[in-house]
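What follows is a set of notes on a single structure, which appears directly below.
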Amino acid sequence: MESIYQALVEIVGEDYASNRHEELFTYSKDLGTSPPQWPEYVAAPKTVEEVQKIVYLANKEKVAIVPLGGGLTLAGLALPLKGGIIIDMKRLDKIIEVNEAARYMVVEAGASHGKVTAYLHKHHPTLMHSEPGAPAAATIGGNMAIHGQGDLAHPYGFNTDMINGLEVILPTGEIARFGSCAVGSGWYTMHPLPDLGLFLGWNGSTGIITKISFRLYPYKKIRDNDAFTVSDENLVPEILHELTHLGLTEDLIATSSEIPPVMNRLHHISIMIAGDYEEEMEFKRHMIFDLTLGKYIRSGVGGIGGIAAERLRPQISKSADWKKGGGFEYVGSIVPVAAYPECYRRGSEISARHDIPYTVLGRVIGCCHAMMFSWSYAFNRADAETVRHAREALHETDVMVMELNGTIWKPAVFGQKLMMDRMDQTTLQLMKKVKDLLDPNGIMNPGNWEVQ
Amino acid sequence: MMGLEEYKYKDLIHRCFRCGYCKFPTDWSDVTNCPAYARFRMESYSNGGRLWLIYAWLTGEIQWSENLSKILYSCTSCKNCVEKCPLSFNDDIVNMVVAAKSQMVETGKVPPLVRKFLQNVQVQGNPYGIDANKRADWMNGLELQPYQGQDYLYYVGCEGAYDTRAQGAARATARVLQDAGVSFGVLGVDECCDGNEVDMLGEEALLEDLATKNIDQFSKRGVKNIVTLSPHAYNVFKNKYPAFGGHFNVLHYTQVFADLIKTGKLKGPEQQGVRITFHDPCFLGRWNGEYNAPRKVIGAVKGANFTEMERNKKGALCCGGGAGNFFTDFLGGSGESPARIRAREAGDVKADILAVACPNCLTMLDDAVKAEGLDNRIKVMDISELLCPA
Ligand SMILES: Cc1cc2nc3c(=O)[nH]c(=O)nc-3n(C[C@H](O)[C@H](O)[C@H](O)COP(=O)(O)OP(=O)(O)OC[C@H]3O[C@@H](n4cnc5c(N)ncnc54)[C@H](O)[C@@H]3O)c2cc1C
Ligand code: SF4
Ligand code: SF4
């Protein structure tokens, strides 16, 4: 196997290839509860051509390849379940184009969300992209590969709904482009070409995304994070429905958590509003709090939980240290907004069973078309028992999502199987055909979305 | 082998989430502000990766190896990660690495170049292994007085005393102080390594030995005020010596210069139309929060245009020379060596002069500018050299 290592060294250079124990150890671990899975090699290519050469090598040697961005899904999706080569994509990080007039941006897939936010802030301060609440090191490619959502999910949907073009290295090594870029017309639209949606949500098991064009949106100068609080979870869907009917807000997130005590059993709806003028902000606040939410305040079932708090971009998450143990993992799901109360109630029961303070969150996607609802379970990395509890709670939650007729988002292999067990047979077989057709040697992130 | 139980941060180290915030600079512009990660771009070289490796080593999940020791010793103690890690224990994340280096030192398992560094300091009082009798060569022809109760002890440090490039800064600092009429003396061949790098390499016993010897000498001579050439010496005198009983008023030379400028005792030279940028030294900036003094001194250069590089102050990229790396050079040998990235950044802002305030940065960046082929455009100068009368 020394020959594979040597070939990798020839492709990416000695500094960026490793078969040393320490690198393999590092890439064998995820941040969540998944047990380690050891790669045999790690390579960090700089160019699309280098990635392509690695893919050709992997086909020749019949060795698995797993693309890795920030490695931040927590669900073990970039762990090499069948060994092989981890391709750390983070050196593929060029910002290729920002088109202010047509409001889109083209980057290499390994560019981090932090970098994109900082770049726009500095060079195009009137534009923003939909940034996930993940740590800033999360990559654009990794986020698209799992259908992520960001802080513009309410007005504009999933991040993958904002794609204007893709460049992908197929599992057999050829490079394909999708959208207007495929006909050499720039990177401004994914439509109206025939739909070839073969790569998003596949966890990199059908190809490696190398370039992405995605939409940008107006970034307003004044930005407020307000909060509205209710104690009755059953009110949350209707409030969100009214707010989305009004249509004056950006991000809408409902949260509830046992810690701190002031949050316990209460539901905070964080309402992001933005404007270029103070008058615009005043108008929005008036419409939201006086006219839309006023009736809840007057009837004593809701109250303003905070006005004009700062929301940093990139956001900074400290959630991993809740249990002072350096770990947490969450099940994410895509559910109807109406499911919020049930998701909250059943989730807090699971948490209680495992002695983990409950933490739930629901982010509105589109005009209340769906919600990303998550249940987080903290653990202490130094205490195997708490890790086991968290893992069990995660599995129970996956099962619960299915019972609630939800869809698990970025499922770990356990959740993938639950979904495939319920999947319509024709769809399942089509998935298998697509995978077999694209990846005849079965080398691309094997073990993910694997139809038996 | 040492285990987790003996490790000072045993209750903290597993709390690193490996979220990677610590790779960024203050303005989030890229994941490349940890110099070791910028150089190698493998997760093992980011601080999250490093802390997870240390934990695995201490719990016996992995064994010591040369690669592991290289990963630890490639950390330059630049403290960028401390600046960006959002968790409550962030103040200790570099200390966690240093404490792990200490465990390696205690078991004798350090990279050969680190061993050489420490042995040289032990035997000759400097990392280069040059004869201690040559420590005063830098001041030949300067007519400096030995310290005997003057207002300041001017402590030069190993780089300033021995490195031919850094000697220029040592001499320039002395001349500016002389010209401004500052009362100071030096220790000449009696000066000995300050121990900052020894500390960052995890050699606690040698640090104690050096600190005790230096404090003893300073005290016997009645030293109260110390002005240092190097921010590294400034840091260890100011922050570590008190624990060994050494309480001195310590200043970096840029602080003294800034004060002399304020009181009119020091005037900047003319440099019409010259574009100057400044590289913050980690041990002055992130370790001690001094960002203004060097900028004030540069501001005294008449007619020059000062321009910041994109990454500056708290967000500056380290030159890659800290924690002994100016000698061990674990981050060298590549276009992605932090010093070379920094040289290119100075080129990006079209600087004529890349000013530094540290003999370590001076040697690292001087070499880097040459390696980048930028030496015909950019001159790397210590601030003391900028201010030094022709
Ligand atoms: C605290 C916290 C908060 C989070 N909040 C959010 C949130 O608000 N919204 C959200 O969407 N997510 C969130 N996440 C989940 C996750 O971190 C993000 O979705 C992140 O963007 C994933 O990107 P990554 O680069 O880390 O992907 P990785 O984990 O590296 O990869 C994800 C998957 O995609 C594959 N992959 C990676 N790169 C490529 C590529 N170039 N081509 C093809 N496949 C590839 C991998 O093999 C893997 O299967 C959060 C995570 C944490 C820890
Ligand atoms: S040191 Fe802090 S910022 Fe860096 S990975 Fe660990 S927890 Fe995250
Ligand atoms: S101190 Fe500097 S080199 Fe060391 S881990 Fe932190 S950022 Fe990286």
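Peptide B:25-35 has a mean shielding of 5, counted as Cβ atoms of other protein chains within 10 Å of each residue's Cβ.
Here is the tail figure for the range A:372-452: Cα pairs spaced more than 22 Å apart come to 38 percent of all pairs. For the listed residue pairs A:K324/B:K79; A:K53/A:K211; A:K324/B:K8; A:K115/B:K314; B:K213/B:K240; A:K90/A:K211, the alpha carbons are over 20 angstrom apart in A:K324/B:K79. With 0.36 nm allotted per residue and the present C-alpha distance subtracted, the B:K224-B:D375 stretch has 50.3 nm of extension available.
Under Stokes-Einstein, with the Kirkwood radius over Cα pairs as Rh, the value for the range A:322-403 at 37 °C and 0.692 mPa s is 255 µm²/s. Here is the list for the range B:53-109: GluC sites (Glu not before Pro) lying in DSSP coil, each with at most 16 other C-beta atoms within 10 angstrom of its C-beta, are B:E61.
Count Lys and Arg as plus one, Asp and Glu as minus one, and take only other residues whose Cβ is under 13 Å from that of B:A136; the net charge is then -2.
Dividing the alpha-carbon radius of gyration of the range A:101-171 by the rule-of-thumb value 2.2 N^0.38 Å gives 1.06. At 10 °C and a viscosity of 1.306 mPa s, what translational diffusion coefficient does Stokes-Einstein give for the range B:122-259, taking Rh as the Kirkwood radius over Cα pairs? Give it in µm²/s as a whole number. Rounded to a whole number, D works out at 107 µm²/s. Positive contributions from Lys and Arg (+1) and negative ones from Asp and Glu (-1), summed over other residues with Cβ under 9 Å from the Cβ of B:I261, come out at +3. log10 I(q)/I(0), Debye, Cα-only the range A:2-90, no solvent, q = 0.13, 0.22 Å⁻¹? Values, matching the q order: -0.36, -1.03.
Mean residue ellipticity, 222 nm, helices only, chain B: the sum of -39500 (n - 2.57) across DSSP H runs of n ≥ 4, divided by residue count and rounded to 500, is -11500 deg cm²/dmol. With N the number of residues in chain A, Rg(Cα) / (2.2 N^0.38 Å) evaluates to 0.99. The length gained by stretching the chain between B:K8 and B:W64 to full extension, at 0.36 nm per residue less their Cα-Cα distance, is 18.3 nm.
Shape class of the range B:214-360 from the Cα gyration tensor (axes a ≥ b ≥ c, square roots of the eigenvalues): oblate, since a/c reaches 1.5 or more and a/b does not exceed b/c. Partner shielding of B:7-18 amounts to 5, given as the average count of beta-carbon atoms from other chains within 10 Å of each residue beta-carbon. For B:D151, neighbours were defined as the other residues whose beta-carbon sits under 14 Å from its Cβ, and their charges (Lys and Arg +1, Asp and Glu -1) total +2. Please say if chain B is rounded, prolate or oblate, where rounded means a/c under 1.5 for a ≥ b ≥ c the square roots of the C-alpha gyration tensor eigenvalues, and otherwise the choice is prolate for a/b larger than b/c and oblate otherwise? Oblate. Against the main long axis of the alpha-carbon atoms of chain A, helix A:413-422 sits at an angle near 80°. Using the Cβ-Cβ distance between B:R115 and A:T426 with R0 set to 56 Å, the FRET efficiency works out to roughly 0.25. Ordering of B:161-174, B:274-287, A:357-370 by packing is B:274-287, B:161-174, A:357-370, highest average first (other Cβ atoms within 10 Å, averaged per residue).
If R0 is 41 Å, the Cβ-Cβ spacing of B:D27 and B:K134 corresponds to a FRET efficiency of close to 0.40.
Note on the range B:112-167 and the range B:288-363: Cα centroid distance 23 Å, given to the nearest whole angstrom. Would you mind getting me the FRET efficiency between A:R265 and A:A308? Use the beta-carbon distance for r and R0 = 22 Å, nearest 0.05. The computed FRET efficiency comes out at 0.30. In a Debye calculation with equal point scatterers on the alpha-carbon sites of the protein assembly as shown and no solvent, what is log10 I(q)/I(0) at q = 0.11 Å⁻¹? So the normalised log intensities work out to -1.27. Taken residue by residue and averaged, Cβ atoms of other chains lying within 10 Å of the Cβ of A:134-142 number 3.
Among the listed pairs A:K82/B:K109; A:K82/A:K318; A:K318/B:K313; B:K267/B:K313; A:K94/B:K116; B:K10/B:K70, which are separated by more than 29 Å between their Cα atoms? Where the Cα-Cα span goes over 29 Å, the pairs concerned are A:K82/B:K109; A:K82/A:K318; A:K94/B:K116.
Remark on the range B:2-84: ratio of C-alpha radius of gyration to 2.2 N^0.38 Å is 1.09. Above 18 Å lies some portion of the pair distances; for the range A:234-296, what is it as a whole percent of all C-alpha pairs? When all Cα pairs of the range A:234-296 are counted, 41 percent exceed 18 Å.
FYI, it's all coordinate maths here, none of it is from the lab. In this text the structure is predicted, and so the values were computed from the model without any measurement. Positions of Cβ are backbone-derived with ideal geometry, glycine not excepted, and every protein chain shown enters the neighbour counts.
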